[in-house]
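Derivation of every value follows stated rules applied to the coordinates shown; laboratory data play no part. Here the structure is a predicted model, which is why all the values come from computation and not from measurement. So basically every Cβ, Gly included, is an ideal-geometry build from the backbone, and we count neighbours across all protein chains shown.
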């Protein structure tokens, strides 16, 4: 009897040990949160406007523009250099900046950005080479993370070119762990284009993950091979992703094209409004040193930004659609709703939202505010509507 009891205790201990080991292994596969980006990051990235034409002067100019235009006070903070900044690795394998493009070096540039009250971001790739053909981070993840930390990097965009048969989850997990081991808080932006559905597994690996291929500065466009797409296609791809977003982990429908000239101001207002509805990162992609008044008014609409940055952290969803007319809604802290009446078509039409669609009692009175007109509308009960122009939105807050 004693022998059986001892055997039972040994087997029980072994089972507990195996279970704990399995749980620890699962935790490794899932990663661990870094405590950053509790609201969607706001900043600027060089790619949409300048592509590979990046250099030290341009980045300093962007930092100056963000600091002097009012963008910093509106909540924008990250200045991110995208692809093509890299030189070769040194004899020890350390990544270096292109000395011709960045003669002062990355540490000096980072210090300059920080001196403006801003944060500094950089780009790499999970493969052997970046999309532009420069050295990637595969096999150098921990080494690169240490280099970024030494430079004062606050944000890493991590792309997915030249990855061959790599597994997305394990590749991004490796860099996530490398960043956390660097000893510096670095926001991790995963740019895998949504192919491996990162929203299903990346909650504790990255702070944001791309949900689509690259954005194009166009209302309605699709690359023949799906490599890039215009606004409407990206919007449709966000319709079912709201449940996966939340503080510290956000769906990323790619950077903003506002001010780059391919769409009208009305279309850009729709672009910016819907990104706020998605709780998406607001990463400007225009020339910050040369913004016109309309671009500034869009990028610095504090009322729309407040929706994007709402501390409840619940992303919006499409709650009604009839042809080109749509209604999107997002819960806000305090019980209110942000609502977008969206007209995809060319002709103006009347669109309304009902209290039933917002999960409000039909007889509940509510205050209504137009976020682009910056105007309080008449108190409403049961429903509210508006005439929405072609390729346009009316964006409201509805607060009981």
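Numbers for the structure displayed
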| item | result |
| --- | --- |
| More than 21 angstrom apart: percent of Cα pairs within the stretch 73-152 | 27 |
| Volume per residue that the Cα convex hull of the stretch 35-181 spans, once the total is divided by residue count, Å³ | 115 |
| Computed over the stretch 161-269, Kirkwood Rh from alpha-carbon pairs, angstrom | 15.1 |
| Per-pair calculated FRET efficiency, R0 = 41 Å: residue 381 and residue 225 via Cβ, rounded to 0.05 | 0.25 |
| Proxy reagent accessibility, fewest Cβ within 10 Å first, across 211, 375 | 375, 211 |
| Within the stretch 288-305: backbone nitrogen closer than 17 Å to the residue 39 label point (7 Å, Cα to C-beta) | 299-305 |
| Rg/Rg_globular for the stretch 317-399, with Rg_globular taken as 2.2 N^0.38 Å and Rg from C-alpha atoms | 1.02 |
| Distance between modelled label sites at residue 166 and residue 32, nm, 7 Å Cα→Cβ extension | 2.4 |
| Average Cα contact separation per residue, the stretch 284-385, under 8 Å, 6 or more apart, as relative contact order % | 18 |
| Spatial extent of the stretch 228-293: Rg and Dmax, with the Cα atoms as the point set, Å | 12.5, 37 |
| Value of [θ]222 nm, deg cm²/dmol, for the chain, DSSP H segments ≥ 4, -39500 (n - 2.57) each, nearest 500 | -9000 deg cm²/dmol |
| Cα-Cα pairs of the stretch 122-202 separated by more than 21 Å (percent) | 20 |
| Hydrodynamic radius (Kirkwood) for the stretch 33-308, which is based on Cα pairs only, to one decimal in Å | 18.5 |
| Mean Cα-pair separation over length for the chain, i.e. relative contact order, pairs under 8 Å, 6 or more apart, % | 13 |
| Bridge type composition, the stretch 33-308 - antiparallel percent by DSSP, nearest 5 | 15 |
| Kirkwood-Stokes translational diffusion coefficient of the stretch 284-354, alpha-carbon pairs, 10 °C, 1.306 mPa s, µm²/s | 111 |
| Exposure proxy ranking, count of Cβ atoms within 10 Å, fewest first, for 223, 233 | 223, 233 |
| Extension gain (nm, one decimal) between residue 333 and residue 294, 0.36 nm per residue minus Cα-Cα | 11.1 nm |
| Label point distance in nm, residue 264-residue 129, each placed 7 Å from Cα along Cα→Cβ | 4.3 |
